Amino acid sequence: MTKSLVSQQPVATWFRYCLLLTTIFNLFGAITLAPPVYYPSNIVGLPKDTIFVHWVIASWILILGASYAWLAITAKPEKFFIAIAAACKIAIAILFFIFCARGDLPLTFLFGGFGDLFFACAFIFWLFQTQQRSKINAD
């Protein structure tokens, strides 16, 4: 099986920086959503009766952040992963917006929602840019 020209091209420098910023963003998200371990109170106002759920969400955010770092370091164009990541970021942004509007989450979560929406747009832009490049190379 031969590799396509697109898979051999490195990821654009701007997108590698975007992935590194997303890694940092996710690190802060994982720390914020994890149940309080090192600090005495729940500073972000999440429900206290769902500690297991908090750990699951925080661990997934951390794992995805590590995945973004890996993609940035290796500069491999993993389009399928980026498409799924964009969909997840849009979903979490919508959930943050809805639950903030209902009053179930503090308004500070809006910042996280806007951050995820920004990164989702950057991911989608990169996907379209990569698709355009692959069409040009195919011709």
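Quick look at the values:
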item: Subset of region 98-137 [of a type in the set (F, W, Y), over 16 Å from T23 (Cα atoms) and open to solvent by less than 60 Å² (accessible area, probe 1.4 Å)]; result: F109, W126
item: Any chance A58 is within 17 Å of I24 (Cα to Cα) and aliphatic (A, V, I, L, M); result: yes
item: Cross-chain or 6+ apart pairs with Cβ under 6 Å, region 10-33 first and more than 17 Å from A83 (Cα to Cα), then not in a helix (DSSP H, G or I); result: P10/A75; T32/V44
item: Residue in region 68-90 that is at pLDDT below 95, in contact with a Cys (Cβ under 7 Å, 6 or more places away or on another chain) and more than 20 Å from A30 (Cβ to Cβ) present; result: no
item: Matching residues in region 98-120 - criterion: being touching a residue at least 12 places away in the same chain (Cβ under 8 Å) and of a type outside the set (G, A, S); result: C100, L105, P106, T108, F109, L110, F114, D116, L117, F119
item: In region 74-97, the residues that are of a type in the set (V, I, T), under 18 Å from L20 (Cβ atoms) and more than 12 Å from the chain's Cα centre (by Cα); result: T74
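The values are calculated or read from the model by the stated rules, or taken from the named source; none is laboratory data. Only a predicted model underlies this, so the values are computations on that prediction, with no experimental measurement involved. Using ideal geometry, Cβ is built from the backbone for each residue, glycine included, and neighbour counts are taken over all protein chains shown. Keep in mind that these areas ignore ligands, DNA and RNA; they rest on the heavy atoms of the full protein, side chains included. Shrake-Rupley method; radii C 1.70, N 1.55, O 1.52, S 1.80 Å.
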